Amino acid sequence: PLMASVCGMLDYMEKNGEARLRALSSELAQFGHEMRKLRHLSLPFAEGKTCEDIFAIDHSKLYIDCIKCGYGGFELKRRLRREFGIELESASVAGALAYATIGDGKESFDRLADALVRCDAAPDAAVRREVSPRAVAFGERAEEGSYSRLMRECVPLAEAEGRTAAESVWVYPPGVPVLLAGERVTGECVRALSDALAAGGEVASPRGRLDGGLLVFSRG
């Protein structure tokens with residue numbers, strides 16, 4: 001079924017792709033125009049901003065910035081699902097990401113626009129937060145022989161800086177590992193994971209939610 005769907009999409013794109021992508025571009029432009037009315041939430045592409053990353057080349061990636069909003073990307077993602085039946089691709093402390101595809105049409109963009117306008121008008125949206133958006137943080141390679149591969153212990157996340165992780169840790173969504181087992185826990189990792197937990201993000205390891213602390217190798 002998966003390969004058949006791929007073949008079907010290739011056939012569709014060969015026959016209708018150019019026209020559909022032109023229509024999608026027009027729909028995205030109209031959606032961006034509507035989003036300029038937001039006061040607290042913001043969409044960088046809607047404001048004509050560019051940068052050296054994905055926004056400069058792919059406007060179908062709709063990043064919703066929550067820096068000036070009273071809630072973060074995790075809460076926005078949950079609110080859109082719970083109140084409007086809209087599922088975003090991923091979220092972070094500072095914002096959330098939606099993907100627009102050729103399967104979306106004017107009705108889809110109208111629904112998202114209406115939902116964002118209503119979220120933007122909610123009383124808690126106007127409450128300013130002290131948010132410091134952080135770049136993606138990852139662990140560092142640990143020095144060989146700096147830990148025992150046999151002994152492990154669980155320590156509070158705040159005390160894990162400088163230790164060697166004995167488990168992989170990720171924030172979901174999107175589920176990209178922040179730490180891999182065997183990597184040294186950096187201060188940036190601790191702060192990024194702490195921020196995600198405080199903002200309601202799903203921080204987890206193979207053991208489950210990272211509520212009780214981080215599993216690290218004992219010092220040799």
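The values are calculated or read from the model by the stated rules, or taken from the named source; none is laboratory data. From a predicted model like this one, the values you see are computed outputs, not experimental measurements. Every residue, glycine among them, receives a Cβ derived from its backbone with ideal geometry; neighbour counts consider all protein chains shown.
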Quick count over segment 174-220, residues being surrounded by fewer than 19 Cβ atoms within 10 Å (Cβ to Cβ) and under 24 Å from residue 87 (Cα atoms), is 12
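Here is a list: 76, 10, 21, 38. Which entry is at pLDDT 90 or above, within 18 Å of residue 114 (Cα to Cα) and assigned to a helix (DSSP H, G or I)? Before the answer, list the steps.
Details: 10 fails: within 18 Å of residue 114 (Cα to Cα); 21 fails: within 18 Å of residue 114 (Cα to Cα); 38 fails: assigned to a helix (DSSP H, G or I).
Only one candidate passes the filter, namely 76.
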Go through the residues of segment 104-115 one by one and say whether even a single one is at pLDDT below 95, in a loop (DSSP other than H, G, I, E, B) and either crowded, with 17+ Cβ neighbours inside 10 Å or touching an Asp or Glu at 6+ places or on another chain (Cβ under 9 Å) (or both). yes
Of the residues in segment 79-101 that are among the charged types (D, E, K, R) and in a helix (DSSP H, G or I), the one that is farthest from residue 200 (Cα to Cα) is 83
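For residue 181, are the conditions met, namely being of a type in the set (A, V, I, L, M, F, W, C), under 23 Å from residue 91 (Cβ atoms) and either in contact with a strand residue (DSSP E or B) (Cβ under 9 Å, 6 or more places away or on another chain) or in a loop (DSSP other than H, G, I, E, B) (or both)?
Working: of a type in the set (A, V, I, L, M, F, W, C): yes; under 23 Å from residue 91 (Cβ atoms): no; either in contact with a strand residue (DSSP E or B) (Cβ under 9 Å, 6 or more places away or on another chain) or in a loop (DSSP other than H, G, I, E, B) (or both): yes.
The answer is no for residue 181.
Which of the residues spanning segment 46-62 are at pLDDT below 90 and either within 18 Å of residue 108 (Cα to Cα) or of a type in the set (Asp, Glu) (or both)?
Initial filter on segment 46-62 (at pLDDT below 90): 46-61.
46, 47, 52, 53, 58, 59, 60, 61 - these are the residues of segment 46-62 that are at pLDDT below 90 and either within 18 Å of residue 108 (Cα to Cα) or of a type in the set (Asp, Glu) (or both).
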